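Visitor: Below is the structure I would like to discuss, written out as structure tokens.
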Amino acid sequence: MQFLCKFSDIEEGCAKGFEIEGTRLLAVKYRGELYVYENSCPHRSIPLEWQPDQFLDYDKTFIQCATHGALFKIDSGECISGPCVEDRLNSVTFTREGEDILVEL
């Protein structure tokens, strides 16, 4: 397990990008829960954001691919709109130890 961040580093309703040993990740805090995914669109295997930490749609209810607008459910990574419908983001196993978020790559 590797340290990702502190739980408090990500504000409610926000997302943040990370890179650990060449693996790009994103973490989203949504409704008090944390979700961690690989930062790679299943359609083209490219990063989801164009600007740092800009992963969510305008209403902050979906993860959005900046390249082609695909929308993904935050709590499952399932694509619900765009060219990768019925596909999903790759979730990353993590644990919370106090404030520390540790990921398994």
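Every number here is computed from the coordinates shown, using simple stated rules; none is lab data. Here the structure is a predicted model, which means the values were calculated and not measured. Here the Cβ is made from the backbone with ideal geometry for all residues, glycine too, and neighbour counts use every protein chain on show.
Visitor: Please list 3J(HN,Hα) in residue order for the range 75-82, calculated via the Karplus relation 6.51 cos²θ - 1.76 cosθ + 1.60 where θ = phi - 60°; whole Hz, with x for glycine and proline.
Guide: 7, 9, x, 5, 7, 10, 7, x
Visitor: If you don't mind, there's one more thing I want to ask. Please identify the longest segment of the chain free of exposed chymotrypsin sites (Phe, Trp or Tyr not before Pro), where exposed means a DSSP state other than H, G, I, E or B and no more than 12 other Cβ atoms within 10 Å.
Guide: Working: sites that count: 50, 58.
By the stated rule (loop sites, at most 12 other Cβ atoms within 10 Å), 1-49.
Visitor: So between residue 57 and residue 43, what do we pick up on full extension, going 0.36 nm a residue minus the alpha carbon distance? Mind showing how you got there, number by number?
Guide: Details: separation 14, 0.36 × 14 = 5.04 nm, distance 1.77 nm.
Between residue 57 and residue 43, full extension yields an extra 3.3 nm.
Visitor: Taking only Cα atoms and a 10 Å spring cutoff, compute GNM fluctuations for the chain and point out the largest among 88, 31, 44.
Guide: Sorting by GNM fluctuation, first place goes to 31.
Visitor: Among 41, 5, which comes first, second and so on when ranked by fewest other beta-carbon atoms within 10 Å?
Guide: Values: 41 24, 5 18.
With the sparsest Cβ surroundings first, the list reads 5, 41.
Visitor: While we're on this one: Amide H neighbours of residue 30 under 5 Å, at least 5 residues apart or on other chains, H built in the peptide plane: list them.
Guide: Answer set, sorted by chain and number: 13, 35.
Visitor: Still on this model: If we count other beta carbons within 10 Å of each Cβ, what is the order of 59, 53, fewest first? Please report the intermediate quantities before stating the final value.
Guide: Details: 59 7, 53 14.
Ascending Cβ contact count within 10 Å gives the list 59, 53.
Visitor: Now for a separate question. One quarter of the convex hull surface, Cα atoms only: what value does that give for the range 2-104 in nm²? Provide the component values of the computation, followed by the final result.
Guide: Details: hull surface 23.7 nm².
Taking the Cα atoms of the range 2-104, their convex hull projects to 5.9 nm² on average.
Visitor: Relative contact order for the chain: what percent, with Cα pairs under 8 Å and sequence separation of 6 or more?
Guide: Working: 221 pairs, mean separation 28.4, N = 105.
Result for the chain is 27 percent.
Visitor: Right, here's the next one. Tally Lys/Arg at +1 and Asp/Glu at -1 over every other residue whose Cβ is under 15 Å from the Cβ of residue 81; what's the total? Working shown, then result.
Guide: Numbers: positive: 73, 88; negative: 57, 59, 78, 86, 87.
That works out to -3.
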